[in-house]
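Just below is one structure, and these are the notes that go with it.
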Amino acid sequence: MQRDLPSTPVPEGGLRVRTVWISDLHLGTPGCQAQALLGFLRHVECETLYLVGDIIDGWQLRRAWYWPQAHNDVVQKLLRKARKGTRVIFVPGNHDEFARRYAQHSFGGVEVVDEWIHVTADGRRLWVTHGDLFDGVIQCAKWLAHLGDTLYGFTLRLNRHLNSLRARLGLPYWSLSKYLKGKVKRAVSYVGDFELAVAREARRRGLQGVVCGHIHHAELREIDGVLYANDGDWVESLTALIEHADGRLEIVDWSQHRLRAQATAHRDPALTELAAALRLVHDKGSE
Ligand SMILES: [Mn+2]
């Protein structure tokens, strides 16, 4: 079905695009950067908005209720977009898996689906999925990565105690830290493994690419002949994936976008320079 871009005016420095994908908002947790997200939602108009999972963090809310006004505002803003003519499609993730049982239903104009196939303006078929189906065993190594970072010293001490115990039991020396370091190394390759697994599945399904979230790591590149796109998150990186009217895809880094927009609006050379410098750093970092 051909849809017209919503006629709602876009504020200065805003974006009018065909499609927007956002995920991993984690509403209901202190980590969610709701104000930045609100800023983004106010500055973007699109035909279709995909919510690619981990929108509301049901896991955290079950533990402790955290729901400030800004989080409410985000939900209201999303519903308002749906009312005003944007097609809003919600693909639940693991943190909002409670919504999966409502797949094929619609709430306040928001369509809930398990997964989706998006067709770009230039005819590419992209599988839209949160991506949690692919982490399986590796999640454990991810947890160990944090352990490796912060508790390395502790691990070494534990290692000593463990081995004096092992010695008393007549068992040979076994290096816990070495074991953990091996795990950490695997965690570093976690992102790569994840990307490869998701891309392969997209290809197996005969699609030209995939759009997912889950690992809080925005990315847009070709893997094994298919397009791998990850829209990032609104906890750490404040990123979204957009599709322009001609089908071109792009990652929007919202904090940098705002900085550039402000620099242009004020014609402030210092800000322009800062924006350019940050851009450089970011580009280097993403190599
Ligand atoms: Mn997730």
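Read-outs: derived from the displayed coordinates by stated rules, not from any lab. Everything numeric here is computed off the predicted structure, so don't read it as measured data. Quick reminder, even Gly has a Cβ in these numbers, built from the backbone with ideal geometry, and neighbours come from all protein chains shown.
Determine one quarter of the surface area of the Cα convex hull of segment 40-144, which equals its mean projected area, and express it in nm² to one decimal.
8.6
Could you list the residues of segment 214-233 with an amide nitrogen less than 20 Å from a label point located 7 Å from the Cα of residue 189 in the Cα-to-C-beta direction?
Within reach of a label on residue 189: 215, 223-225.
Please compute the length gained on full extension between residue 83 and residue 35, using 0.36 nm multiplied by the number of residues separating them and subtracting their Cα-Cα distance.
15.1 nm
How big, on average over all directions, is the shadow cast by the Cα convex hull of segment 1-98, in nm²?
Result: a mean projected hull area of 6.4 nm².
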